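The values are calculated or read from the model by the stated rules, or taken from the named source; none is laboratory data. None of the values given here were measured: they were computed from a predicted structure. Cβ atoms come from the backbone with ideal geometry, glycine included; neighbour counts cover every protein chain shown.
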Amino acid sequence: MKFGAQVGVYATTWDNIRQVVECCDSGRWNSVWFADHYLPPGRPEHATAYEGFSVAAAAAAFTHNVQIGHMVLGNTYRNPALAAKMAATVDQISHGRFTLAIGAAWFQREHEAFGWEFPPMRERQDRLQEACELIRALFHATAPVTYNGTYYQLDEAPLSPGPFGSPIPIMVGGTGPKRTLKTLAMFGDVFNLDGWAGGPMTKEFLDKKWGILEQHCETVGRDPTEIRKTILVPSLVSDDKELCAAMIKARRLGEGAAIGPKNYVIDRLGEIAGAGVDEIMIGGLNSETPEVYQHYEQEVLSAFVA
């Protein structure tokens, strides 16, 4: 079983982020994931928020083991061809350890603050589908790419350098049954169930979403075994019942988030691992220092990873 860490980039410093990533890279963690927001959701707007792609590029340069990605890039923040170019650069720096994770974007206030257009949901989904198609074409291309979409166009555009080795995997953020999972079936490589988005973190819920994806794969002629199954689990190891209850209430977390005493957290992650996922990403450890990540690794990950 693989485990990833959602590393905090809000209300902290670069030196602290680096220390946490170095801790993950030298430990039992398999991947690190950064947010992509310019205003930190749920925090004061003036709070520090590091730009996600810049952090990923820096992390790629000093790590050697962990995979690197985002949870997740907002498609409306960058032209998708630019995102593909940036992704290929990070993949080269990391020697093939980058995953491009992208979603339709949802944070309206962020768009207002920075002067970006915030289209209606249907258009954002249309744009995401085009973006994923365009990005996949660039990642798999052996020659310049021309693309004529409603929102995005390429005219004999080369991606040079391209991915370091194999095409960069694409994670499509979200599990909306009609559009997002269909886009994933057509153009994605990684499925992710996001525990911060609500919904019960149970095998039944995971199987329901995966079943919808399989139906879309059948419709579009895609083999679902080509798609990795991952899950982002909000987690906290603590014997403080009030603290755990407050975290669950504040974030409106669904049933079964791995929050509580050590043995409970291990059991919950064991249940999720038994549901057939390829990787569990741990969220909620957004500490400014590596000690929390080290403690979680020693207390929890050691039960799964030697």
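Among the residues of region 278-293, how many are at pLDDT below 95 and either assigned to a loop (DSSP other than H, G, I, E, B) or polar (S, T, N, Q) (or both)?
7
Residues to consider are T289, T230, T219; find the one that is over 18 Å from the mean Cα position of the chain (by Cα), within 29 Å of N16 (Cα to Cα) and touching a residue at least 12 places away in the same chain (Cβ under 8 Å).
T289
Using the structure shown, decide if G176 is at pLDDT 90 or above and either within 20 Å of V300 (Cβ to Cβ) or outside any strand (DSSP E or B) (or both).
yes
Is it fair to say V145 is touching a helix residue (DSSP H, G or I) at 6+ places or on another chain (Cβ under 6 Å) and over 24 Å from E51 (Cβ atoms)?
yes
Just checking, does region 266-285 include any residue being in contact with a Pro (Cβ under 9 Å, 6 or more places away or on another chain), among the aliphatic types (A, V, I, L, M) and either without any contact (Cβ under 8 Å) to a residue 24 or more places away in the chain or surrounded by 15 or more Cβ atoms within 10 Å (Cβ to Cβ) (or both)?
Yes, region 266-285 contains at least one residue that is in contact with a Pro (Cβ under 9 Å, 6 or more places away or on another chain), among the aliphatic types (A, V, I, L, M) and either without any contact (Cβ under 8 Å) to a residue 24 or more places away in the chain or surrounded by 15 or more Cβ atoms within 10 Å (Cβ to Cβ) (or both).
So if I check each of A258, A246, A303, which one is under 30 Å from I17 (Cα atoms), modelled with pLDDT under 90 and out of contact with any Phe, Trp or Tyr (no Cβ under 6 Å at 6 or more places or on another chain)?
A246
In region 186-206, what residues are over 14 Å from D278 (Cα atoms), over 17 Å from the mean Cα position of the chain (by Cα) and in a helix (DSSP H, G or I)?
M186, E204, F205
Identify all residues within region 79-126 that are assigned to a helix (DSSP H, G or I), in contact (Cβ under 8 Å) with a residue 60 or more places away in the chain and among the small types (G, A, S); write none if there are none.
A81, A84, A87, A88, S94, A113
Can you pull out every residue in region 176-202 that is hydroxyl-bearing (S, T, Y) and buried (at least 18 other Cβ atoms within 10 Å of the Cβ)?
Listed by number, the residues that qualify are T180, T183.
Among the residues of region 39-77, which ones are in contact with a Pro (Cβ under 8 Å, 6 or more places away or on another chain) and surrounded by fewer than 19 Cβ atoms within 10 Å (Cβ to Cβ)?
Those that are in contact with a Pro (Cβ under 8 Å, 6 or more places away or on another chain) and surrounded by fewer than 19 Cβ atoms within 10 Å (Cβ to Cβ): A47, T48.
Output the residue which, of all residues in region 194-204 that are in contact (Cβ under 8 Å) with a residue 40 or more places away in the chain and not small (G, A, S), is nearest to P167 (Cα to Cα).
Per the stated criteria, the residue is D194.
Going through D36, D15 one at a time, which residue ends up being buried (at least 22 other Cβ atoms within 10 Å of the Cβ) and of a type in the set (D, E, K, R)?
D36
Restricting the search to region 128-174, which residues are of a type in the set (S, T, Y) and either touching a residue at least 40 places away in the same chain (Cβ under 8 Å) or under 17 Å from G69 (Cβ atoms) (or both)?
Residues satisfying the conditions are Y152, S166.
Does region 72-79 include one or more residues that are over 18 Å from L184 (Cβ atoms), at pLDDT below 95 and charged (D, E, K, R)?
Checking region 72-79: not a single residue is over 18 Å from L184 (Cβ atoms), at pLDDT below 95 and charged (D, E, K, R).
Within region 1-50, which residues are of a type outside the set (V, I, T) and assigned to a strand (DSSP E or B)?
Within region 1-50, K2, F3, G4, A5, Q6, Y10, S31, W33, F34, A49 qualify.
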